[in-house]
Every structure is written in C-alpha cells, then in structure tokens.
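Worksheet: one structure, shown below.
The values are calculated or read from the model by the stated rules, or taken from the named source; none is laboratory data. Only a predicted model underlies this, so the values are computations on that prediction, with no experimental measurement involved. Reconstructed Cβ throughout: ideal geometry from the backbone, glycine too, with neighbour counts over all protein chains shown. In case anyone asks, the SASA skips ligands and DNA or RNA and just uses the protein heavy atoms, side chains included. Shrake-Rupley method; radii C 1.70, N 1.55, O 1.52, S 1.80 Å.
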Amino acid sequence: MRALGILVLVSSATLAHGQNMPDSIQKLLKNSDDPLAAIDAMDNRQRPAAIRDLARAVIDNPGNLELAQLMCAIQPWTTKTDTDAGKDDAIQAALWKRMRGLNAQSEEFRWLDCASVNRTGGYMEVSVNPLYNLRQSACTAIPVTDDWDGFYANLIGSITGYNDAITRGLAGDATDAPHSYYPTRNILRTALLGAGRGVTAAKSGRSDLARTYFADTAKELKAHLEAIDYANTRNSWVFHSDLTLYATFYGWLGTGGTLDMSALINWPSALDDADISDAIPAATRAQIEQDGATDYVDPVYLERLLPRAAPKDQECSQWRRRSYDTRALAKVMQDCAAPYANIEVSYAMLTELDQCIGAFEAADWRVQFSSVPKGGGASELSRIKSSLSAIVGSSQFAALPKAEQDSIRANLETLHLEAAGSYARIVTDHGLTTSDRTALERIFDAIGLAPRPMMARQKIY
C-alpha cells in the first residue's frame, strides 16, 4: 500500500521460497527483478488472475512475510473482471482467518493486516483518499461540496461502517481475536470530520449545534479510549496520547469552561506509560533502549484540528500532517485556549484559536553534514566546523530575524561526531524549528554548500 510508505520488499529469490507456490507466482518471482512493478503493470485481463494466485500463495505459506508484503504494497487489489464478480470477500476472509491465531504485535500480523485492507474499495478508497481530497480542496480553493455538514456526516458514516466491517470480519466467531490497526487509525479521521461539522455549524451562527458536534466527537474518542485493548490491537500503543489529546480538546469545545491539558503536558514516557508499556513490541522496546531513548515520549500526529476554520488563503498551511512533541503541543493548546474560557463557540473564536495553535512549530530538526569512516571523523569534523562561517556569514543568514539567527547559530555550535556502525555521522543536536530548517535549506542552496547537508528529524519508533 504505497500511501503507507510500505515498499520494503526483498529479492525475488527470497520471495520464491515456499512449498505451496502457484506456478504463475513462482514464474513471476523468478523472472522479474521487481515483482511489485510487474504486477502493477499488468492490464485488467492479466492482473485479476495474478491477484488470485498471489492471495493463494500468501494464505498457503504461513510465515512468509515477503509474500504478504507484496500483497500489501501493490496497487489496491481485486480479482474482479468485466465478466466475473471475483472473490475479493473470500480472500479477505481467508486472510483474516490466518490473522486470528497470531499475536497482534507480530510482523506477520502487521503485513497480513495491511494486505487484507489493500483491496479495491477498501482502506485507500474509504479512508485515505477522501481526507487527501479534503486537503487538496483546501490547497486549490476548489470546494468538494456545497453541503459541508452533509459531506462530513456521510464520510463519517462511511468510515465508521468500514471500521465495523473490519472489526466483525477479523473477529469472526472468536471471542479473543486480535484487532486490526486500521479502525483505531480511522477514529482520528472521523474525529477530524466531526470537528469539521462543529466549525461548519459555528460558521453558520449555530453555536449550540457546534458545541454538540464537538461534544459528540469527544464522546466517540473517549469511548474508543475506554474500550481499546492495546496489547491485542496492532500498533495501538502509538495512539494513546493522540486519542487523549483530541478527546480533551474537543471535549472542552463541547462543554466550555477552562481547557486543562495538564495530564498531557506531563505525559509519561512510552516505557513508563502503564496503559501501553506492555503493548510495545519487544523489538521496538529493544530499539528504544539501544538508542538510549528510554525517556522517549510518543508524539501526537496532527493532521488538522479545526477543518475550514482558517481563511481560505491560510487553510492549506493549517493541514500539518506530521507528528509533534506531545507535551509541547498540549502546552501550546492550553495557552491558546486560555482567553476563551467560558466563551460561546463562534466562528471568529475558532479562527483565532486555530491560528494560535497553528503558529506552533516542531523543534525536532537537526543538520546532518556527512558520514565518514570513524578513522577520518576528527579531521572531517574540523573541516566542517571551519566551513560554518560561510553559513553564518551569508547575506541570507543576516536577513533572518535575530531570534532565528541565535537559534541556528547555537545549534551549529553543537556539531559533533555520532557513532553509526563503522562510520561516524557529523551532526548537530536536535532542536531546530521548522522555520530554522527552511531557512538553512535556502542558505545551503544559495551559497552552494557541498556536499549539501540534509535536515533530519528525531526518530519516531
């Protein structure tokens, strides 16, 4: 599923390993250097048969992650042709049956979960594409509808129905079946749409209805928080802070009073969070500990808090679509909300609130200058330190606001060697803001710095 950035397939030789492989799939894997591209290049006459055979190979070869990865990564699949209704439901049901006996946090469950929803008319079409189109509408100023409330309501209904279908289908007759990742991810999407209904109501002057929509959205989030089984739901541990933050924020908009984000401002590290610590996969925990990041706090993914609350020429930039430090974002939200305690929800109030929160920037960037063999690290570090004068001495740097100059200069002074296997990276500390990153990239281009450094964010596990 390319929208999920899942293209980690291995060689054809590895893929071909299996005892129950249809001849067509064995031939495809043997003769193609890129099985994914080969399947996606097939026309509508060839592809349905290839999908049927690939699905059979996945189902008949338990433990073969590469086959499941392939089914996950191709363009949404279907076995339907112009003359045949296909057997997509049966394939999906067979994949779900395989998943029922697996640990929800296992790699095999992960790839089967993805493969099972990567069908035509599935996750991409129901959940991902509509939200992408909504953002594109904001960025092109081409409305997707004249009836925004109806549009949001219909989309919420569609995604909620899809969530229910996945939950029921995967559970089957089992009482302790593992849970898919996708319904929990979709809860954040329906919350965004519910907030959109609140903004729409406020825009039409219906303050009470706006509060109702926000309150209902918070209620759904809280219900999911109370019901979620983190240990038995794939990758759900990463949503604990997200669900809590959104439920708190929309709950405040729904009831009024003062927004209290203290629990989130003091959010525990992932390894110390009693609700999720046992659900963190062993490999992820080991990576966190290996990196010495035991104080790692899982971030919050921010797509859009208040859809269409910004003026038309600013709405696009308010679609953030990235993760932010949970504690820092919660503090900004609480501070921005303070002037609106016990104030009626209005469109003007939501616009001001949206702009205040939208001014928040991530501060998780750093500069990575190069990687060198460890033996030559010290001399290369010295050389790069001597070249920093070209950055801070440029006219582009001089044109920056003083506060931004100070921030960048202080960060460049943290330049150091960082071990990376047999190599060493020459990097600065994390702590640069998004604006700092943008300014530095422009300076690198303007002065022709070579080799051009890259900007890198902190790792999200």
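Restricting attention to the stretch 328-360, which residues are of a type in the set (Asp, Glu) and modelled with pLDDT of 95 or more? The answer is Asp335, Glu352, Asp354. Here Ala274, Ala210, Ala282 are screened, and the one residue that is outside the structural domain of Lys97 (by the TED database) and either open to solvent by less than 50 Å² (accessible area, probe 1.4 Å) or acidic (Asp, Glu) (or both) is Ala210. The residues on offer are Gly257, Gly251, and the sole one that is over 16 Å from Leu193 (Cα atoms), open to solvent by less than 70 Å² (accessible area, probe 1.4 Å) and small (Gly, Ala, Ser) is Gly257. Within the stretch 113-122, one or more residues are assigned to a loop (DSSP other than H, G, I, E, B) and in contact with a strand residue (DSSP E or B) (Cβ under 8 Å, 6 or more places away or on another chain). So Asn44 ticks every box in (1) within 25 Å of the chain's Cα centre (by Cα); (2) over 25 Å from Asp173 (Cβ atoms) but one. Which box is left unticked? Failed condition: (1).
Scan the stretch 15-64 for residues that are open to solvent by 40 Å² or more (accessible area, probe 1.4 Å) and within 20 Å of Arg110 (Cβ to Cβ) and report the count. Going through the stretch 15-64 one residue at a time, the tally reaches 5.
Flag not set for Ala390, criterion: modelled with pLDDT under 95, under 27 Å from the mean Cα position of the chain (by Cα) and of a type outside the set (Val, Ile, Thr). Figure legend. Inter-residue proximity from the stretch 258-272: first residues small (Gly, Ala, Ser), second residues open to solvent by 50 Å² or more (accessible area, probe 1.4 Å), beta-carbon distance below 6 Å, spacing 6+ or different chains. Indicated pairs: Ser269/Asp295. When the stretch 381-392 is filtered for residues that are over 15 Å from Arg442 (Cβ atoms) and open to solvent by 40 Å² or more (accessible area, probe 1.4 Å), the ones remaining, listed by number, are Ser382, Arg383, Lys385, Ser386, Ser389. Scanning the stretch 66-85 for residues that are polar (S, T, N, Q) and free of Cβ contacts under 8 Å to residues at least 40 places away in the same chain yields Thr79, Thr81, Thr83. What do you reckon, is Asp88 in contact with a strand residue (DSSP E or B) (Cβ under 8 Å, 6 or more places away or on another chain) and without any contact (Cβ under 8 Å) to a residue 60 or more places away in the chain? When the stated conditions are applied, Asp88 passes them. Being among the small types (Gly, Ala, Ser) and assigned to a loop (DSSP other than H, G, I, E, B) is the requirement here; does Ala283 meet it? So Ala283 fails the test.
Hey, among the residues in the stretch 195-228 that are out of contact with any Phe, Trp or Tyr (no Cβ under 6 Å at 6 or more places or on another chain) and among the basic types (Lys, Arg), which one's nearest to Pro183 (Cα to Cα)? Result: Lys222.
Filtered by the rule that a residue be open to solvent by 20 Å² or more (accessible area, probe 1.4 Å) and not in a loop (DSSP other than H, G, I, E, B), the stretch 93-112 gives Ala93, Ala94, Trp96, Lys97, Arg98, Arg100, Glu107, Glu108, Arg110. Pro401 meets all of the listed conditions (1) outside the structural domain of Arg197 (by the TED database); (2) free of Cβ contacts under 8 Å to residues at least 60 places away in the same chain; (3) open to solvent by less than 50 Å² (accessible area, probe 1.4 Å) but one, namely (3). Contact map, the stretch 406-427: residues that are under 14 Å from Lys385 (Cβ atoms) paired with residues that are of a type in the set (S, T, N, Q) and in a strand (DSSP E or B), Cβ distance under 6 Å, separation 6+ or inter-chain. Pairs shown: Ile426/Ser370; Val427/Gln368. Which one is least open to solvent (accessible area, probe 1.4 Å), of the residues in the stretch 155-203 that are at pLDDT below 95 and either under 14 Å from Ile228 (Cα atoms) or among the charged types (D, E, K, R) (or both)? Ranking the candidates gives Ala177 first.
Kindly indicate whether any position in the stretch 346-365 is touching a residue at least 40 places away in the same chain (Cβ under 8 Å) and at positive phi. No; the residues of the stretch 346-365 include none that is touching a residue at least 40 places away in the same chain (Cβ under 8 Å) and at positive phi. Within the stretch 369-376, the presence of a residue that is open to solvent by less than 50 Å² (accessible area, probe 1.4 Å) and modelled with pLDDT of 95 or more is excluded.
Kindly indicate whether any position in the stretch 54-71 is over 30 Å from Ile280 (Cα atoms) and not hydrophobic (A, V, I, L, M, F, W, C). Checking the stretch 54-71: at least one residue is over 30 Å from Ile280 (Cα atoms) and not hydrophobic (A, V, I, L, M, F, W, C).
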